[in-house]
Amino acid sequence: MHEQAYRWKNKKIREQVAVIDGKQAPTLVLTNATYLNVQLKSWMTANIWVYEDRIVYVGDQLPTNTENTEMVNCSTQFLVPGYIEPHVHPFQLYNPLSFAQYASKLGTTTFVNDNLMLTLQMTKKKAFSFIEEMNKSAATMYWWCRFDAQTEIKNEDEIFSTRNIKSWLDHPLVMQGGELTSWPKLMAGDDLILHWVQEANARRKPVEGHFPGASEKTLTKMQLLGIHSDHEAMNGADVIKRISQGYHASLRYSSIRPDLPLILEELEASGIKYYDQTFFNTDGSTPSFYESGIMNRTISIALDKGVPAIEAYRMASYNAAKHFSMDKMHGSIAPGRIANINFLKAKEEPTPVSVLSKGVWVTRDNEPVKEAFPAQDWPALGLEPMKLGWELSMDDLQFSMALGMEMVNEVIIKPYTISVDVSGDSLSTAHDQSYLMLIDRKGKWRVNTILKGFGSHVQGFASSYSNTGDIVLIGKDKDAMLKAFQHMKELGGGMVLVEDGEVICDIPLPLAGGLSDCSMEDLMKQETELRNQLFERGYSFNDPIYTLLFLSSTHLPYIRITPRGIYDVMNKTVLFPSIMR
């Protein structure tokens with residue numbers, strides 16, 4: 001069995017028990033604490049003893065041995081369990097550690113993360129080393145096991161093999177299967193996916209669905225096939241439909257689907273005020289969306305919409321822990337649990353003034369504790385600046401295709417017939433059609449087409465951030481596109497906007513070309529600047545970062561640009577194959 005299967009070894013557990021007998025002093029004692037007992041759904045008063053990273057006692061007594069014990073009087077505060085984010089895409093320009101560091105300061109200390117980027121861009125051995133290193137931080141990081149690539153890649157059968165899936169499901173830091181964006185294949189009779197779902201179920205690890213707009217019949221079939229939860233409810237009726245069929249419903253508040261306020265309004269109006277099978281998520285929002293908070297923000301919304309405070313705090317902690325069968329470790333302030341505790345000024349103010357994570361202070365009296373998250377050696381984990389040993393030339397920028405891609409919104413793209421002459425070196429700014437290229441990061445293939453709707457005045461834009469890790473080029477002017485690519489290459493990866501031969505703005509992404517190594521606060525500023533620059537140049541939707549991410553994502557209609565070529569999602573066919581260079 002994996003060495004991390006048990007968090008505490010026998011010797012450590014004996015030390016923890018010795019604290020109760022006074023043979024060992026607790027590390028920290030929280031006295032006169034009014035805390036939320038999530039099991040009894042009640043506020044109670046107790047003294048809470050912590051030994052290193054574990055809560056060892058909650059009750060009326062004080063320890064007899066307090067040698068070197070930190071004593072904290074909590075009589076003016078309210079204590080709740082550390083918040084859990086159960087649906088994190090931790091590679092949205094930020095990296096898992098920078099997101100966790102930022103979120104922890106605001107009370108979210110446990111994360112269940114998407115493993116897609118690790119699966120697509122790392123060997124399994126390196127990926128496991130990565131997730132184990134991330135969990136050594138002050139935050140607690142768990143992971144998913146994806147069953148599909150969410151795009152069309154040439155070696156999918158090798159990456160998503162039964163052997164690899166089982167290895168991920170066996171890892172003790174993996175909490176669930178999914179999210180299952182390939183559910184139509186499962187519905188259509190794909191027994192390999194069904195086998196993986198059964199493997200997850202056999203390990204008591206839930207499988208999360210991806211069912212936007214699903215009918216009652218579809219939800220029923222998915223329940224029978226072994227799916228346990230879904231985060232795609234868009235209104236109160238969707239939530240009720242899922243709960244009534246036995247699902248856990250994850251209520252979303254994200255940058256492209258901020259549905260939570262409407263959902264809660266409609267749940268309250270329905271009279272069905274049952275929250276035990278619900279919890280919150282922010283679905284991998286882009287950096288600037290998190291300026292207002294993480295789970296603390298979702299709790300505030302719930303309180304504003306009339307959800308009782310105790311239920312709101314349970315939805316951000318205990319309910320998620322219960323769903324993942326990790327409530328013996330997380331989600332409550334009780335003996336045996338990891339010492340993740342938020343200290344609130346008032347019951348109705350979910351942003352904590354102090355935060356304890358794994359028994360370590362990450363925020364103390366509204367001041368972040370920098371020592372809680374030491375600097376990470378990213379190259380040691382295989383995340384180095386992107387090195388491209390090839391050049392891009394004007395010959396690569398040949399756009400002769402009759403079929404283009406038209407943006408309906410940030411993420412929905414439909415086919416259209418190209419209506420302008422695209423044979424020259426530049427396109428007119430009188431329309432919103434731009435050159436679009438997806439090119440292999442190893443330089444072996446390319447896919448060229450026209451994108452309608454990205455903007456009317458974007459001369460040259462390059463991004464090494466994409467769903468597949470390949471490079472996206474967009475623009476009106478081929479020279480500007482080449483310059484943007486060259487600057488991105490010099491950065492070792494990133495996003496670059498070029499106009500009139502000059503770099504207007506950029507976001508360096510030196511961690512494998514897809515992730516920033518700076519703080520969330522700095523990244524928010526960089527992303528906001530890029531968004532504003534794109535808005536000024538005609539991008540008319542809300543979130544260009546999501547557009548770049550989902551250009552290749554085949555779980556969304558109707559047409560995508562993928563490593564295999566231009567792909568018809570509905571008919572599951574490659575319309576125009578990628579071209580070898």
Kindly give Rg over Rh for the chain, based on alpha-carbon atoms, with the Kirkwood expression for the hydrodynamic radius.
0.99
Does anything in segment 399-416 have its amide N under 17 Å from the 7 Å Cα→Cβ label point of residue 579, and if so which residues?
399-405
For segment 395-463, state which trypsin sites (Lys or Arg not before Pro) are in a DSSP loop and have at most 11 other beta carbons lying within 10 Å of their beta carbon.
442
What is the sum of charges around residue 495, taking Lys and Arg as +1, Asp and Glu as -1, for the other residues whose C-beta is under 15 Å from the C-beta of residue 495?
-3
Filter the chymotrypsin sites (Phe, Trp or Tyr not before Pro) in segment 348-456 to those in DSSP coil with at most 15 other Cβ atoms within 10 Å of their Cβ, and list the result.
390
Using a 10 Å cut-off on Cβ atoms, rank the peptides 227-236, 82-91, 417-426, 181-190 from the highest mean neighbour count down.
82-91, 227-236, 181-190, 417-426
Computed Rg/Rh for segment 297-413 (Cα atoms; Rh = Kirkwood radius) stands at 1.22
Which value at 222 nm does the chain reach when only helices count, each DSSP H run of 4 or more adding -39,500 (n - 2.57), with the total divided by all residues and rounded to the nearest 500 deg cm²/dmol?
-8000 deg cm²/dmol
Among segment 378-414, those whose backbone N falls under 14 Å of a label point 7 Å along Cα→Cβ from residue 542 are 409-412
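Give the peptides 209-218, 507-516 in descending order of average Cβ contacts within 10 Å, highest first.
Ranking, from highest mean packing down: 507-516, 209-218.
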Contour minus Cα-Cα span, residue 528 to residue 417, at 0.36 nm per residue, comes to 36.7 nm
With the crude spin-label approximation of a point 7 Å out along Cα→Cβ, what separation in nm comes out for residue 166 versus residue 125?
2.0 nm
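Would you mind calculating the relative contact order of the chain from Cα pairs under 8 angstrom and at least 6 residues apart, reporting the percent as a whole number?
14 percent
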Estimate the FRET efficiency between residue 375 and residue 73 by the formula 1/(1 + (r/R0)^6), using the beta-carbon distance for r and 35 Å for R0, to the nearest 0.05.
0.55
For the chain, give me the percentage of DSSP beta bridges that are antiparallel, rounded to the nearest 5 percent.
70 percent
Just check segment 353-416 against the gyration tensor rule for me: Cα atoms, a ≥ b ≥ c as the square roots of the eigenvalues, rounded for a/c under 1.5, and otherwise prolate or oblate depending on whether a/b exceeds b/c.
oblate
May I ask you to order 96-106, 157-167 by the average number of other C-beta atoms within 10 Å around their residues, highest value first?
96-106, 157-167
If I model segment 230-360 as equal point scatterers sitting on the Cα atoms and use the Debye formula, what is log10 I(q)/I(0) at q = 0.16, 0.18, 0.19 Å⁻¹?
-0.82, -1.03, -1.14
With the label point 7 Å along the Cα-to-beta-carbon line of residue 347 and a cut-off under 15 Å to each amide N, the hits in segment 77-91 are 77-81
Report the full-extension gain for the segment residue 215 to residue 500: residue separation times 0.36 nm, less the Cα-Cα distance, to one decimal in nm.
97.5 nm
Which of the chymotrypsin sites (Phe, Trp or Tyr not before Pro) across segment 497-581 are loop residues per DSSP, with 10 or fewer other Cβ within 10 Å?
none
With all protein chains present, how much of the accessible area of the chain (probe radius 1.4 Å) comes from carbon and sulfur, to the nearest whole percent?
49 percent
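The values are calculated or read from the model by the stated rules, or taken from the named source; none is laboratory data. These numbers come from a predicted model, not from an experiment. A quick note on method: Cβ atoms are made from the backbone with ideal geometry, for glycine too, and the neighbour counts reach across all protein chains shown. Heads up: the accessible areas ignore ligands, DNA and RNA and are worked out on the full protein's heavy atoms, side chains in. Shrake-Rupley method; radii C 1.70, N 1.55, O 1.52, S 1.80 Å.
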